[in-house]
């Protein structure tokens, strides 16, 4: 996978990110525009996206998905939506979530992530993220934010704990691919890049740690310098 270098400088996107961006912008198909949800956070870049399915390092014509906004998934993303009109005396809320299409070249298979409930009294703006830390977030999947109006009640369970019970507003729903509930209130499709940190380096094996502390004491007596407990060795000095 690769990303255009000139965009790395302009957008500050890490080189290890897994999106294929075309070198030359040609006639392209725009991503789905969404309905009712507007992403307020500016994207890092907007450009044509290819996914290198055959791993040949080229932007093949059948690997082109369209032109998408691309966001930094290591940061928060804020979006807003058209408020839903709840009835008088109804406790209104919104189910907000990230949906990702795991089969971008075939019939869409939308998978939901990062579900949260947002009270209508708090307004029609929500900030989500950051993404990908301990989560199965896909960087090669078209993504969108979905907002589902819902009502809620507050009850007590058998232990006396208060529990919120949420019910989607049926009139706001429709049926999506593979029998999954999709909502008409969604954002345009986009991609996210994630720069996941690598594993911690293994301890240096210059010396084996001595659990009795003898090795550390010897190093200090011989003035070998500072003791590096993490890597089990002496730093500098006379032959340690």
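The values are calculated or read from the model by the stated rules, or taken from the named source; none is laboratory data. In this text the structure is predicted, and so the values were computed from the model without any measurement. No Cβ is skipped: glycine too gets one built from the backbone with ideal geometry, and neighbour counts run over all protein chains shown.
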Selected residue [in the same structural domain as residue 114 (by TED's automatic domain parsing), surrounded by fewer than 12 Cβ atoms within 10 Å (Cβ to Cβ), on the phi < 0 side of the Ramachandran plot and modelled with pLDDT of 90 or more] from 40, 44
40
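Considering only residues that are in a loop (DSSP other than H, G, I, E, B) and exposed (fewer than 15 other Cβ atoms within 10 Å of the Cβ), which ones fall in segment 106-123?
106, 107, 123
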Can you tell me which condition residue 62 does not meet? The list is (1) at pLDDT below 95; (2) within 24 Å of the chain's Cα centre (by Cα); (3) not in a loop (DSSP other than H, G, I, E, B), and all the others hold.
(2)
Among the numbered criteria (1) closer than 21 Å to residue 195 by Cβ; (2) modelled with pLDDT under 90, which one does residue 138 miss?
(2)
Is there any pair linking a residue in segment 73-100 that is farther than 24 Å from residue 130 by Cα to one that is assigned to a loop (DSSP other than H, G, I, E, B), with Cβ under 6 Å and at least six apart or on different chains, and which?
83/124; 92/86
